[in-house]
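A.B. asks: Take a look at the following structure, please.
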Amino acid sequence: MRIEDTILDGVKIIHLDLFDDERGGFAETYDVEKFSALGIHTTFVQDSWSHSAAAGTVRGFHFQLPPRAQHKLVRVTRGRAYDVVIDLRRNSRTFGQHVAFELDARKMTAVLVPIGFAHGFCSLCDNVEITYKMSDHFSPEHYTGLLWCDPELGIDWPVAVGDATVSEKDSGHPGLKDLPQVF
């Protein structure tokens with residue numbers, strides 16, 4: 001297992017060890033001791049799963065507000081996704097910037113999304129499944145988001161805005177300039 005830093009302080013890509021043989025494969029997707037040795041000391045209390053039936057489905061950008069803010073460990077378990085993380089920490093030198101990369105179930109990678117960041121993704125194929133480990137439970141009154149297609153974010157999505165499948169809720173989030181200071 002190895003960890004890769006990104007341009008956003010605290011956002012990390014984790015490359016899991018995959019053991020293949022004639023039967024298939026095996027990987028440890030989370031081990032508190034191994035993650036701690038890599039500098040990740042988060043306690044996760046909830047696992048969640050999402051399924052996107054069609055390529056071009058966009059989910060996000062999601063986050064929870066303090067005091068119920070969450071660290072997330074995100075991994076694609078089936079298919080491929082274009083994953084994006086945005087820095088929402090107003091006093092950060094990278095506020096409003098994002099990092100984007102492909103998560104592929106076959107490559108056994110995960111991304112650590114710390115508190116202070118918004119997360120979203122676009123499915124790159126049909127039937128994409130994603131799992132999340134979270135450091136706090138889902139809290140509807142603390143849950144919110146950022147508009148996924150805000151031009152101010154400068155994200156080069158793999159799907160045109162008019163062709164994306166997006167929920168009404170995700171289409172109604174504010175853009176970055178209208179987002180109150182949350183972190």
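FYI, it's all coordinate maths here, none of it is from the lab. Keep in mind the model is a prediction, meaning the values are calculated, not measured. Here the Cβ is made from the backbone with ideal geometry for all residues, glycine too, and neighbour counts use every protein chain on show.
A.B. asks: Counting just the residues of the range 82-119 that are closer than 19 Å to LEU147 by Cβ and among the small types (Gly, Ala, Ser), which one comes out surrounded by the most Cβ atoms within 10 Å (Cβ to Cβ)?
C.D. replies: ALA118
A.B. asks: Tell me yes or no: at least one residue of the range 14-30 is surrounded by 18 or more Cβ atoms within 10 Å (Cβ to Cβ) and assigned to a strand (DSSP E or B).
C.D. replies: Within the range 14-30 (the criterion being surrounded by 18 or more Cβ atoms within 10 Å (Cβ to Cβ) and assigned to a strand (DSSP E or B)), the answer is yes, since at least one residue qualifies.
A.B. asks: Under 7 Å between Cβ atoms, at least 6 apart or on separate chains: pull out the pairs that start in the range 13-24 with a residue that is farther than 22 Å from LEU112 by Cβ and end on any residue that is surrounded by 11 or more Cβ atoms within 10 Å (Cβ to Cβ).
C.D. replies: PHE19/ALA27
A.B. asks: List the number of the failed condition for LYS34; all other conditions in (1) basic (Lys, Arg); (2) assigned to a strand (DSSP E or B); (3) without any contact (Cβ under 8 Å) to a residue 40 or more places away in the chain hold.
C.D. replies: Unmet condition: (2).
A.B. asks: I've got another one for you. Got at least one residue in the range 27-38 being among the hydrophobic types (A, V, I, L, M, F, W, C) and in contact with a His (Cβ under 6 Å, 6 or more places away or on another chain)?
C.D. replies: Checked against the condition, which is being among the hydrophobic types (A, V, I, L, M, F, W, C) and in contact with a His (Cβ under 6 Å, 6 or more places away or on another chain), the range 27-38 yields no hits at all.
A.B. asks: Are any of the residues in the range 70-81 touching a strand residue (DSSP E or B) at 6+ places or on another chain (Cβ under 6 Å) and either on the phi > 0 side of the Ramachandran plot or outside any strand (DSSP E or B) (or both)?
C.D. replies: Taking every residue of the range 70-81 in turn, at least one turns out to be touching a strand residue (DSSP E or B) at 6+ places or on another chain (Cβ under 6 Å) and either on the phi > 0 side of the Ramachandran plot or outside any strand (DSSP E or B) (or both).
A.B. asks: Residues being out of contact with any helix residue (DSSP H, G or I) (no Cβ under 7 Å at 6 or more places or on another chain) and not hydrophobic (A, V, I, L, M, F, W, C): count how many of those fall in the range 59-79.
C.D. replies: Counting residues in the range 59-79 that are out of contact with any helix residue (DSSP H, G or I) (no Cβ under 7 Å at 6 or more places or on another chain) and not hydrophobic (A, V, I, L, M, F, W, C) gives 9.
A.B. asks: Still on this structure: Can you tell me which of ILE7, ILE86, ILE40 is touching a residue at least 60 places away in the same chain (Cβ under 8 Å), part of a strand (DSSP E or B) and closer than 30 Å to LEU153 by Cα?
C.D. replies: It is ILE86.
A.B. asks: Would you pick out the residues in the range 120-130 that are of a type in the set (A, V, I, L, M, F, W, C) and buried (at least 22 other Cβ atoms within 10 Å of the Cβ)?
C.D. replies: Passing the criteria: PHE121, CYS122, VAL128, ILE130.
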